[in-house]
Amino acid sequence: MYQKIFLIIFVFLLISDCSKKEELSNKPPDQNLSYEIYKEGLDAMDNGDFFFAANKFSEAEKILPVVEHSAKALLMSSYCYYVINFHEEAISSLENFLRKYPADKNVQYASYLIALSNYEQILDEKKDLNPLLKTKKLIETYIKNYPDTDYTLDLKFKLDLIKNQLAAKEIYVAKYYIETQKWIPAINRLKIVIKDYDETIYVEEALHRLVEIYYNLGLIGEAEKTAKILGYNYNSSKWYENSYSLLNKDYKKERSQLEKKSRKEEKGLVKRTIDKILQK
């Protein structure tokens, strides 16, 4: 929703100065034709026929007499493809825009649309990894080049989602290696999550899986060391609890005793509070 609002506002501003009827009356016939074609694109947009509009804008771009108007026409064509989820066509058109009009004032917006079009093609994290990596690189480049825009705020949020998907992919592969007892590849995958995606929700599971592997291999020292890292950073998570119970055979007994003590203290607190109320 956030990004759609930006797109709608931008497109409104983009088309406003090329939709005036007086531009048609003062042009030679061939130039009038180019603006008539452009207006057909605007009318098609108003009617929701974005595919036809995209083709009209593309046609107008090639014959419009003013460079700025040609650039806008090509950008409008790209936008129409984006709206109807013709992502490959949108990307191709946008890349063409950047090649032909590198000094245009809307380069920043075009780059943003390229990032969005790639982002919206991302597949399930269990499948192809390349779209995720490509989109991650595109977004990181955009953030570096344009650090202080509203578009950047939107892309930073999407970058966090991509990192979580990449971390999920590594966890998925690591779990496969664990099931097939291929310990070294599993360890390597889990270390990628810990090193490269330490701000994602999957780092806790990665640490716990390492504890499990080290424990099963008899590397108790490494297991305890990793469990301490997990406990220091995430001592309230279920993954730390699982690791602690794995290394401490008396964990369930200790937990039961602690819960009984907690319930006893809780009852005492409730009783004391009631007593105070009754005394007033």
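The values are calculated or read from the model by the stated rules, or taken from the named source; none is laboratory data. Bear in mind that the values here come from a model prediction, so they are computed numbers and not experimental data. Cβ coordinates were reconstructed from backbone atoms using ideal geometry, including for glycine residues, and neighbour counts include every protein chain displayed.
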Note to self: So, in segment 95-152, exactly how many residues are charged (D, E, K, R), modelled with pLDDT of 95 or more and under 17 Å from Tyr82 (Cβ atoms)?
What the structure shows: 1
Checklist line | One residue from Lys191, Lys175 being assigned to a helix (DSSP H, G or I), surrounded by fewer than 18 Cβ atoms within 10 Å (Cβ to Cβ), of a type in the set (Lys, Arg) and in contact with a Lys or Arg (Cβ under 8 Å, 6 or more places away or on another chain) | finding: Lys175
Notebook entry, point to check: Which numbered condition trips up Ser236, out of (1) within 27 Å of Lys169 (Cα to Cα); (2) surrounded by 10 or more Cβ atoms within 10 Å (Cβ to Cβ); (3) at pLDDT below 65?
Noted result: (2)
Checklist line | Selected residue (only one of Lys4, Lys20 is outside any helix (DSSP H, G or I), loosely packed, with under 12 Cβ neighbours inside 10 Å and at pLDDT below 90) | finding: Lys20
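Per-residue answers, yes or no, for (1) of a type in the set (A, V, I, L, M, F, W, C); (2) touching an Asp or Glu at 6+ places or on another chain (Cβ under 9 Å):
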{"residue": "Leu129", "(1), (2)": "yes, no"}
{"residue": "Leu132", "(1), (2)": "yes, yes"}
{"residue": "Lys136", "(1), (2)": "no, no"}
{"residue": "Thr149", "(1), (2)": "no, no"}
{"residue": "Thr152", "(1), (2)": "no, no"}
{"residue": "Leu161", "(1), (2)": "yes, no"}
{"residue": "Asn164", "(1), (2)": "no, yes"}
{"residue": "Asp196", "(1), (2)": "no, yes"}
{"residue": "Tyr202", "(1), (2)": "no, yes"}
Next item on the list: Select from segment 179-216 the residues that are touching a residue at least 24 places away in the same chain (Cβ under 8 Å) and aromatic (Phe, Trp, Tyr) and list them in ascending order.
Entry: Trp183, Tyr197, Tyr202, Tyr215
